[in-house]
Amino acid sequence: MDVTSPTSGAQAGPVRAPNTADDTAAAKTSGDFEMFLKLLTTQIRNQDPMEPADSTEYTAQLATFSNVEQAVQTNDLLKSMITRFDSQQATSAANFIGMEVRHEGPVAHDGTSNVLHTAIKPAADRAELVVVDGLGNEVGRYAIDPDAESIGWPSAAQAGSVPPGLYDLHVDSWAGDLQLDRTPVAHYASVSEVVLGDDGTEIVLKGGVRLPMSDMQSIRAAQ
């Protein structure tokens, strides 16, 4: 049975739009288009009337002009479509605020125990929960039941020795003397906000953890 700390008073946070490189790229393409137009008109205006440019050359230049124009229009259309899609996705994701999402990202420890869902290899006869702090330092390693589907962390005995903060957790396991593949642990965290990140819609979880929508495993009502 999944057990998590109850959440209360959940309020919808704002949906924010990020600063991306899209505007810079669009401005550069538009600038290239305008520069090409100025060069072409200057060439036509200053050509020698007695020896005008070859019509084939003009045809090639006009074809290039057309390609540049289409590139600008295509870029604007794609930008508009992406913006519209991200906005729709963020609006839809705003319904998750106040709910709980299961994921394998960092655990925000606030002094209470978290329920972790393990995926230990069936062949394992020994397993350890490994705790890594935000600086990448291993700060704890605890023997756990290799047959357990969920565990509590920190335990009552460990709680006082674990300061609040973000932690990355995983399980190391062995079959005899053979170390098996490292496995992640999943847990539920409450959603406080939805933002438009550089790579699309992200949800902000307890403790400030930002999670791409694609990393969600499941979502449920707050427990």
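Below are the figures for this structure:
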| quantity | calculated |
| --- | --- |
| Options Ala119, Ala148, Ala127; residue that is touching a residue at least 40 places away in the same chain (Cβ under 8 Å) and surrounded by fewer than 17 Cβ atoms within 10 Å (Cβ to Cβ) | Ala119 |
| Count of residues meeting criterion [on the phi > 0 side of the Ramachandran plot and surrounded by 17 or more Cβ atoms within 10 Å (Cβ to Cβ)] in the range 171-199 | 0 |
| Extreme residue, nearest to the chain's Cα centre (by Cα), among residues of the range 95-141 that are within 19 Å of Thr183 (Cβ to Cβ) and among the charged types (D, E, K, R) | Glu104 |
| Identity of the residue in the range 79-100, in a helix (DSSP H, G or I), at pLDDT 70 or above and of a type in the set (A, V, I, L, M, F, W, C), that ends up surrounded by the most Cβ atoms within 10 Å (Cβ to Cβ) | Ala93 |
| Answer residue from the range 205-215, given it is surrounded by fewer than 17 Cβ atoms within 10 Å (Cβ to Cβ) and closer than 25 Å to Gly152 by Cβ and is nearest to the chain's Cα centre (by Cα) among those | Asp215 |
| Trp174, sole failed condition from (1) outside the structural domain of His109 (by TED's automatic domain parsing); (2) at pLDDT 95 or above; (3) not basic (Lys, Arg) | (1) |
| Residue tally, condition in contact with a Pro (Cβ under 6 Å, 6 or more places away or on another chain), hydrophobic (A, V, I, L, M, F, W, C) and either closer than 16 Å to Ser190 by Cβ or assigned to a strand (DSSP E or B) (or both), over the range 101-143 | 1 |
| Condition met for Glu202 (assigned to a strand (DSSP E or B), surrounded by 12 or more Cβ atoms within 10 Å (Cβ to Cβ) and free of Cβ contacts under 8 Å to residues at least 24 places away in the same chain) | yes |
| Qualifying residue in the range 183-195 (condition: farther than 17 Å from Arg102 by Cα, of a type outside the set (Gly, Ala, Ser) and touching a residue at least 24 places away in the same chain (Cβ under 8 Å)) | yes |
| Test result for Leu40, more than 30 Å from Asp172 (Cα to Cα), at pLDDT below 70 and over 28 Å from the mean Cα position of the chain (by Cα) | no |
| Flag for Ser218 being loosely packed, with under 15 Cβ neighbours inside 10 Å and either out of contact with any helix residue (DSSP H, G or I) (no Cβ under 8 Å at 6 or more places or on another chain) or not assigned by TED's automatic domain parsing to the domain that holds Arg141 (or both) | yes |
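The values are calculated or read from the model by the stated rules, or taken from the named source; none is laboratory data. Please read these numbers as outputs of a predicted model, since none were measured by experiment. With ideal geometry, Cβ positions are generated from the backbone for all residues, glycine too; neighbour counts draw on all protein chains shown.
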